[in-house]
Amino acid sequence: MTHLYACVLIDGTPEPSDDIAEVQWFDLEDLTDDMFVAEHRPLFEIMIDYLDEMEEEEEED
């Protein structure tokens, strides 16, 4: 199962618990499409599109 979250870490360290075995923190610049299985690549593309839109909105303000 893959979950992608776009956020800014303000404090603390993400840690797994309960039904989550592993949590990893990646810089967006280090992620590439080929790091995801084919079924999860659309999630990555959606996240990148969303972040691009957010960046454009910030630039307009």
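Computed from the coordinates by the stated procedures, all read-outs in this text should not be read as laboratory data. Everything quoted here is computed from the prediction, not taken from an experiment. Glycine gets a Cβ as well: all are built from the backbone with ideal geometry, and neighbour counts include every protein chain shown.
Applying the criteria of a DSSP loop state and at most 15 other Cβ atoms within 10 Å to the GluC sites (Glu not before Pro) of the chain yields Glu22.
Modelled spin labels at Ala21 and Glu55, positioned 7 Å past Cα toward Cβ, are 3.4 nm from each other. Among His3, Leu43, Ala21, whose Cα lies farthest out toward the positive end of the dipole of the chain, if unit charges sit on the beta carbon of Lys, Arg (+1) and Asp, Glu (-1)? Ranked along the dipole, the leading option is Ala21. Seen from Phe44, the other residues with C-beta closer than 12 Å to its C-beta sum to a net charge of -4, counting Lys and Arg as +1 and Asp and Glu as -1. Annotation for Val8 and Asp34: the two label points, set 7 Å from Cα along the Cα-Cβ direction, are 3.3 nm apart. Between 0 and 90 degrees, the angle of helix 41-60 with respect to the longest Cα principal axis of the chain falls at about 40 degrees. For the chain, the longest piece that avoids every one of the chymotrypsin sites (Phe, Trp or Tyr not before Pro) found in DSSP loops with at most 10 other C-beta atoms within 10 Å covers 27-61.
For P(r) over Cα pairs in 10 Å bins from 0, in percent, the value calculated from this model appears in (1) 16, 42, 27, 13, 1; (2) 18, 30, 19, 18, 13, 3; (3) 17, 45, 32, 6, 0 under label (3).
Summing Lys and Arg as +1 and Asp and Glu as -1 over all other residues whose Cβ lies under 13 Å from the Cβ of Gln24 gives a net charge of -4.
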